[in-house]
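Written below as structure tokens is the structure these notes are about.
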Amino acid sequence: KQGLAEPRLQLLLAKIARDKGENETAFQYLKKAFAEPDIDAQDKIELLVSYMKGNNTPTQQSDFANLAEIIANTHPEKAKAHTLYADILLLKGEKLKARDSYLKAAKLDNLRSDTWQRVLAIELETRAMDSLVRHANQAVEAFPNNATFWYYQGVGLMALRKYQEAVNALEEGKRMAFNNAKQLEDFHFQLGDAYNATKQYTESDASYEAVLKTAPNNAFALNNYSYYLSLRKQKLEYAKTLAERLVNNNPDNATFLDTYGWVLYVAKDFQKAKKQLERAAQLSNSGTIQEHYGDVLF
């Protein structure tokens with residue numbers, strides 16, 4: 001078997017070519033060296049990271065991705081190799097491929113919560129909800145005291161319309177987030193939606209109120225809370241107050257204008273409702289908004 005002389009020579013030649021500005025030549029030398037399993041994976045990773053600093057053109061990103069893939073394929077047991085490949089894929093916008101590599105890294109090194117978090121963040125962003133719930137379950141098993149993983153699980157279950165399971169996950173996560181005000185706000189908001197979906201309206205209202213106590217202008221809480229009250233035809237004066245605050249803070253948001261208009265419509269304040277829904281209909285072609293505008297015109 002050959003020793004390391006030739007692969008190490010490839011690295012030296014790559015450095016010489018890089019110093020001369022011959023990036024393509026350097027890339028070809030690196031490909032040969034990185035495919036050599038006897039060169040330490042960590043050395044390759046550190047070298048590639050040093051090459052990446054300040055070099056972010058699309059061509060360079062593709063070259064770096066190819067090199068990272070070679071390292072990951074040559075050292076499939078190294079979690080860091082898969083993480084580096086995933087990081088580069090994410091920079092290139094290849095989110096699902098990046099997710100797959102982060103997942104490999106997470107399974108190889110199950111003690112890294114940040115890798116699991118990247119997997120779940122990509123799945124939430126790309127609306128891969130079945131995968132999100134499955135992988136959130138795995139992350140929760142590995143890190144049962146991590147509130148973020150319970151949150152991802154709850155959001156995924158909500159999207160799959162498994163509302164009571166979502167409530168259970170979100171309540172569990174909320175207990176873990178007791179000392180993080182922003183995280184608690186997020187949990188309370190999701191619980192407002194989840195409890196509403198399970199028709200536990202007292203708990204839903206209390207959850208929204210918990211959000212508004214610390215963040216009185218939280219747009220999503222104001223929107224959902226006022227809209228759900230209007231659907232139930234309960235506390236309509238209060239719903240109007242919430243929706244008015246929402247629109248005052250977001251005067252050009254068609255969805256929020258629609259919510260305020262609909263609350264006014266349910267409260268039989270038709271002239272004010274017409275004004276809000278007309279503005280919403282001008283800003284958006286949404287079928288729901290157009291239907292609401294039609295209702296108030298009728």
Formal net charge of residues neighbouring Ile289 (Cβ-Cβ distance under 12 Å; K, R +1; D, E -1): -3
Across Lys97/Lys213; Lys32/Lys92; Lys80/Lys182; Lys20/Lys44; Lys182/Lys268, pairs whose alpha-carbon gap is larger than 29 Å: Lys97/Lys213; Lys80/Lys182; Lys182/Lys268
Theoretical FRET efficiency, 1/(1+(r/R0)^6), r = Cβ-Cβ of Glu278 and Asp109, R0 45 Å, to 0.05: 0.20
Shape of segment 218-298, Cα gyration tensor, a/c cut at 1.5: oblate
Inter-label distance for Thr241 and Lys199, nm, one decimal - labels placed 7 Å from Cα along Cα-to-Cβ: 2.9
Gyration tensor verdict on segment 34-141 (Cα atoms; rounded if a/c is under 1.5, prolate if a/b is larger than b/c, oblate otherwise): oblate
Label zone at Ala219, where the point sits 7 Å out along the Cα-to-Cβ direction: segment 185-202 residues whose backbone N lies under 20 Å: 185-193
Label corresponding to P(r) over Cα pairs in 5 Å bins from 0, in percent when calculated from the structure given, among (i) 1, 4, 8, 9, 11, 12, 13, 13, 13, 9, 4, 2, 1, 0, 0; (ii) 1, 5, 11, 14, 16, 15, 13, 10, 7, 4, 2, 1, 0, 0; (iii) 1, 6, 10, 11, 11, 10, 10, 9, 8, 7, 6, 5, 4, 2, 1, 1, 0, 0: (iii)
Part-to-part distance (alpha-carbon centres) for segment 171-225 and segment 53-102, which is given in Å: 38
Convex hull volume per residue for segment 157-227, taking Cα atoms only, in Å³: 78
Extension gain from Asn179 to Arg232, taking 0.36 nm per residue of separation minus the Cα-Cα distance: 15.7 nm
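Throughout, read-outs are computed from the coordinates displayed, never taken from laboratory work. Just so we're clear, the structure is a prediction, and the values are computed from it rather than from any experiment. No Cβ is skipped: glycine too gets one built from the backbone with ideal geometry, and neighbour counts run over all protein chains shown.
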